[in-house]
Amino acid sequence: MVFTVNRVKPRSRLTLDTAVALSQHGTVAPVQVGDRTDYAAAMIDGLVASEIGSKQAADEMAALWTYILGRLEVGDVVAA
């Protein structure tokens, strides 16, 4: 299990506090997902943010996937 902090607001103390609290219960992904309107805008049309041209959202998701894939490859996470 890996926690992912999402809907992160820039420079928010709450983000750090959340990551610290979650780390007491397991691994916290080093990638955080921002609170972007692009995610909501994409859902209206059944898309993902990268499909509407959001580079920041696409970069976040790519980084998160790379991290998760790396965890799967080293056997820290069991694939079902």
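Some observations on this one:
- The one condition in (1) surrounded by fewer than 14 Cβ atoms within 10 Å (Cβ to Cβ); (2) at pLDDT 95 or above; (3) of a type outside the set (Phe, Trp, Tyr) that residue 5 fails to fulfil: (1)
- Any chance residue 22 is surrounded by 15 or more Cβ atoms within 10 Å (Cβ to Cβ) and either closer than 25 Å to residue 69 by Cβ or among the hydrophobic types (A, V, I, L, M, F, W, C) (or both): yes
- Qualifying residue in the range 35-51 (condition: among the acidic types (Asp, Glu) and in contact (Cβ under 8 Å) with a residue 12 or more places away in the chain): yes
- Looking across the range 8-19 at every residue that is surrounded by 11 or more Cβ atoms within 10 Å (Cβ to Cβ) and not hydroxyl-bearing (Ser, Thr, Tyr), the one that is farthest from the chain's Cα centre (by Cα) is identified as 16.
- Residue satisfying all of: in the range 25-62; of a type in the set (Gly, Ala, Ser) and assigned to a loop (DSSP other than H, G, I, E, B); surrounded by the fewest Cβ atoms within 10 Å (Cβ to Cβ) among these: 46
The values are calculated or read from the model by the stated rules, or taken from the named source; none is laboratory data. Keep in mind it's a predicted model, so treat the numbers as computed, not measured. Note that we place each Cβ from the backbone using ideal geometry, even for glycine, and neighbour counts take in every protein chain shown.
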